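Comments concern the structure below.
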Amino acid sequence: MTTDTMNGNGRTTGRGIGLAAMRGLALALVSLPGAVLCFCLSLVSIALIPIGIGIVTTPYVLTGVRAFANSRRVLAAEWGGVRITPAYRPLPKDANPWARTFGMLRDPATWRDLRWLPVDMTAGFVTALLPAALLLYPLEGFALAIGLWRVFPDGYWYGFVPVTGQASAFGAAALGAVLLFLAHFLTPRLLGFHFRLTRAVLGSNQRELAERVRFLTETRRDAVDASAAELRRIERDLHDGAQARLVAVGMDLGTIEALLDKDPAQAKELIAQARKSSVEALSELRELVRGIHPPVLAERGLGDAVRALALRLPVATEVSVDLPGRAQAPVESAAYFAVSEVLANAVKHSGADRIWIDLHRADGMLRATVTDNGKGGAVIGAGSGLAGVERRLGTFDGVLAVSSPAGGPTMVTMEIPCA
């Protein structure tokens, strides 16, 4: 309950009881017609989307629903001390009616609003009305005791007390006194319960959000670690490979320059050696570039890149591709290197003599499956190549699933969300 319903000792005050009752009554008078109106308009507008009318009306109706829900969030914070943070996804300012309609309908917060409306018009209405009823109903019992019972010659039921005379009217007054005593404790709490009920339906799941933040933090850390490790690998390969060969070529050319007039035969041998070293350096640079981002992947897409990868394997490999269009470059790159790592594991550890690769897109997911007829027993664990693949996919909210019973076959399925 809010601080203005309590005195300095933390006890509920008479002013606080009356204020909670008036606020509850105001909420009840607004919530029922407001919720019914918003709910009916939403149903009608969404139902009219297939014939086109709803495309125009739905954004306006849902905007009104959001305004109604936001007003309750404000009252929950000001009257009940209950914070309900709105979590609506932003919409482009220049979006057309089609984009606005389906952008709002794809927003989980919109459906929380729509689920909240029937709750607000039923349980919300009752919990808002109870504080006022609990405070005002005892006044009727007192009125009966001072003579109002005479207006009802045939008797009158006050709660569970049948009022037929002065004695029973005093019983009604006693019941009213009990209710008024309960109102002293329950009225502000009932109003607080109304707002907590609102938060339970309108509020986003904080536990899910916390878990999501934790997961994103971990995947970001993994992505940073993987990028740093990749940078170190590139530096090491350049230093130990191409750079060393190019230095050797430079030294050979200096020697050739000195021997060209004195010993032409020796100079020719060094020229051949320099040419060989330059070819090897160029080959290593190409391999390095292929390890960073294969040219075939950039030029021809994931399907052809995986086919080219399969051609270099020492194991017979079949590739099946069903990819309409191309995914985003980072998604293709992640899928390519994930498949490459899984294939390397299969060749090195499975003992398979045949591998099948399937690439297709379904339900907004890019799915890659690598199956081999090896000995099985593959697991995702610390230190395994599959753990690295799982971390790579996790950066993109992807998942890795492994089925590898003892004796085989092994099936590794990778999924990455893609537009």
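The values are calculated or read from the model by the stated rules, or taken from the named source; none is laboratory data. Remember, it's a predicted structure, so these values are computed and weren't measured experimentally. Positions of Cβ are backbone-derived with ideal geometry, glycine not excepted, and every protein chain shown enters the neighbour counts. Calculation scope for accessible area: heavy atoms of the full protein, side chains included, ligands and nucleic acids excluded. Shrake-Rupley method; radii C 1.70, N 1.55, O 1.52, S 1.80 Å.
Within the stretch 338-360, being of a type in the set (A, V, I, L, M), surrounded by 16 or more Cβ atoms within 10 Å (Cβ to Cβ) and not in a strand (DSSP E or B) holds for 338, 339, 342, 343, 346, 347, 352. Total residues in the stretch 310-337 satisfying the condition of being polar (S, T, N, Q) and open to solvent by less than 30 Å² (accessible area, probe 1.4 Å): the figure is 1. Only residues that are open to solvent by less than 20 Å² (accessible area, probe 1.4 Å) and more than 18 Å from the chain's Cα centre (by Cα) were counted in the stretch 409-419, giving 3. Test residue 62 against the criterion of being more than 30 Å from the chain's Cα centre (by Cα) and modelled with pLDDT of 75 or more, and give yes or no. For residue 62, the condition - more than 30 Å from the chain's Cα centre (by Cα) and modelled with pLDDT of 75 or more - is not met. Name the one entry in 372, 363 that is crowded, with 20+ Cβ neighbours inside 10 Å, more than 14 Å from residue 337 (Cα to Cα) and either assigned by the TED database to the domain that holds residue 339 or more than 25 Å from the chain's Cα centre (by Cα) (or both). Criteria check complete, one pass: 372. Taking first residues from the stretch 307-321 that are over 14 Å from residue 335 (Cα atoms) and partners that are of a type in the set (Gly, Ala, Ser) and in a strand (DSSP E or B), no Cβ contact under 7 Å between residues at least 6 apart in sequence or on separate chains turns up. Across the stretch 42-49, a minimum of one residue is classified as touching a Ser or Thr at 6+ places or on another chain (Cβ under 9 Å), in the same structural domain as residue 190 (by the TED database) and in a loop (DSSP other than H, G, I, E, B). Total residues in the stretch 70-112 satisfying the condition of being open to solvent by less than 40 Å² (accessible area, probe 1.4 Å) and either under 21 Å from residue 189 (Cβ atoms) or not assigned by the TED database to the domain that holds residue 22 (or both): the figure is 7.
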